[in-house]
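Asker: First the structure, which I've put down as structure tokens, then a few questions once you've had a look.
Just so you know, all these numbers are worked out from the coordinates, no wet-lab data involved. Being a predicted model, the structure only gives us computed values, none of them experimental. Note that we place each Cβ from the backbone using ideal geometry, even for glycine, and neighbour counts take in every protein chain shown.
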Amino acid sequence: MRRSKATWSRFAMIVGLALVVGSGRAAVYHVAGDSAAASDENPGTEARPLKTISAAIKKAQPGDTVLVGPGVYREEVEWPGEDWNDPEQRITLAAAPGARPVIKGSDPVPGPWQRLAGDRPIYFTERDVYTEMVFVDEEPLRQVGLQGNPQRYKVRKDFVFKRQWVGHGLEDMAPGTFFYDDQAHRLYVWLADGSDPSGHMVEAAVRNVGLLLRGTWTVRGFEVRHFADGLWPREQAVGVVGNRCIVEDCRIEHNGFIGLIVAGEDCVIRHNVIAYNGLEGFTSNVGYRMLFEENELHHNAWRGDVVCLTAGNKFVMWRDSKFLRNYWHDEPWTALWLDISDGNILIAENRFDNCRCGVYFEISRWGIIANNIFRGCGRGIWVYSSDVLVAHNVLDRCGEGITVSGYPRTCQYNQSVFEPNKECLMAVRNVLIVNNLLLDCPGSFIGITEDTAYGAGNFSDYNAFVWTMPAYHPTGCHINFMNGWNQLYARLPEWRLFRHQDTHSVVVDPGLVK
């Protein structure tokens, strides 16, 4: 069928309009904080860039890209709208090629600094802003006095630090510390080398949120640090909520309370470094089909735990999700904590070094913990859930290797958030421990609670128990197995006799064959 010239002209016009509209929906905004040409009055082109990330976010629409150049951005970046509920339309907020922008919650403290009278090299400056974190040349000073945000202790009873006080005043200061006197409005610092702070970059945390985004986002290539605890909902350095979000190639470090929160569906968190955050490195209260892969987490929860117990990296109500090829190390609390209503979780090919607890799978169901390596952890794997497979892991010199605990504990249950909570009995059932290699775990190699109404049908077999350290008992009683928390079965034969566990497992102990 032949078309007239008028028909083709109308068709071309429609296509052209569609291209114009499409290009309008895919704008690219440039931010260059270090450029003399940058201004928030600019349109955000590469030639006339914006000065702040916040200005670009206000212009961006779903489908757009914001590219951020090098520099330090001392601002709180928040998406002003709601979730647009269309995961096909993504906003990308990324470092420009070759750039590594830093979003900081701190401002410089210019002084002037005066030395306090006396032998100790303590310096002070007048300051009206309450100060809970101080950094000198990017290194943190330890806080003396009430820890963190004092408002937290006035409005919360559960999310308050157990260790509320570390010293009380000037008399408790030592090298590498600071103290803020909120009565005199003075900030005191004692640098690690005793030098005058006037010759250093001194910064204090004054902002609470680095990135707070709702919708479908890609966040890539930022360093986010020095954000103070502002209490919920402003207590995290980075918060991303939505569907199909991606957070990648970021460093989220040295923040006062929580480093990263990502919640939603089908999100990916990968190739990030999350470290030195006050209570939690990464946490989330809801996630479906989430992927957490190839991240490094360390030295989180440096302020200690809170009353309601949540220090480390804790996840609640994650379903059908994966933790793959991550590296946790030097975590003083729980490295990976799945707690309350998590389900169908895969934890595989991760490394855990020098963590108080490697993996804690608690009050949840359907998990696979496989092909991971645990070295030097206080407790390698702890399961207080049902229908969990623990297989093909290596646990090397952990205080306790694998612990399955069940004890009387009530909980609340519902099928959806729209149903009322129902009381039920938490049970630990059908945990299978097979084909693991455990080396030099002096507390116990494996501990499994006895069969009761709140824990039954848990089984261990086909594992290898290896002792390479000097034997402290000539009969091999240093190879222990545990019932519940503290009743030990000395040696594998006793474990088999009384519990019928590990009937095909083996012990390798050179001390027994001499």
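Asker: Mind jotting down the distance between the C-alpha centroids of region 348-407 and region 78-139, whole Å?
Answerer: 36
Asker: Between residue 232 and residue 392, what FRET efficiency follows from the Cβ-Cβ distance if R0 is 51 Å, with the result rounded to 0.05?
Answerer: Given R0 = 51 Å and the Cβ-Cβ separation, E is 0.85.
Asker: While we're looking at this one, here's another question. What FRET efficiency would be calculated for the residue pair residue 469, residue 506, taking the C-beta separation as r and a Förster radius of 25 Å, to the nearest 0.05?
Answerer: 0.90
Asker: Counting only DSSP beta bridges with both residues in region 25-101, what percent are antiparallel, rounded to the nearest 5?
Answerer: 0
Asker: Right, here's the next one. What is the antiparallel percent of DSSP beta bridges lying wholly in region 211-512, to the nearest 5?
Answerer: Counting only bridges with both partners in region 211-512, antiparallel ones make up about 10 percent.
Asker: Percent antiparallel among DSSP beta bridges with both residues in the chain, to the nearest 5?
Answerer: 20
Asker: Let me ask something else about it. What is the dipole size for region 211-512, taken about its Cα centre, with +1 at each Lys and Arg Cβ and -1 at each Asp and Glu Cβ, in debye to the nearest 20?
Answerer: 200
Asker: How long is the gain from residue 249 to residue 419 if the chain were fully straight, where each residue apart is worth 0.36 nm and the alpha carbon distance is subtracted?
Answerer: 57.3 nm
Asker: Sticking with this one: Once both labels are modelled 7 Å past Cα along the beta-carbon direction, what's the residue 117-residue 34 spacing in nm?
Answerer: Placing both labels 7 Å beyond Cα along the Cβ direction yields 4.6 nm.
Asker: If you don't mind, another one. Can you give me the distance in nm between label points at residue 344 and residue 407, each placed 7 Å from the Cα along the Cα-to-Cβ direction?
Answerer: 3.2
Asker: Could you tell me which label, among [x] 1.21; [y] 1.16; [z] 1.87, carries the value of Cα Rg over 2.2 N^0.38 Å calculated for this structure?
Answerer: Answer by label: [y].
Asker: So if R0 is 41 Å, what FRET efficiency would residue 84 and residue 200 give, r being the distance between their Cβ atoms, rounded to the nearest 0.05? If you can, show how the numbers build up before the last one.
Answerer: Numbers: r = 45 Å, r/R0 = 1.10.
The value I calculate is 0.35.
Asker: Cα centroid distance between region 241-265 and region 158-230, in Å?
Answerer: Between the Cα centres of region 241-265 and region 158-230 lies a distance of 20 Å.
Asker: Once label points are set 7 Å from the Cα along Cα→Cβ at both residue 327 and residue 48, what is their separation, rounded to one decimal in nm?
Answerer: 4.6
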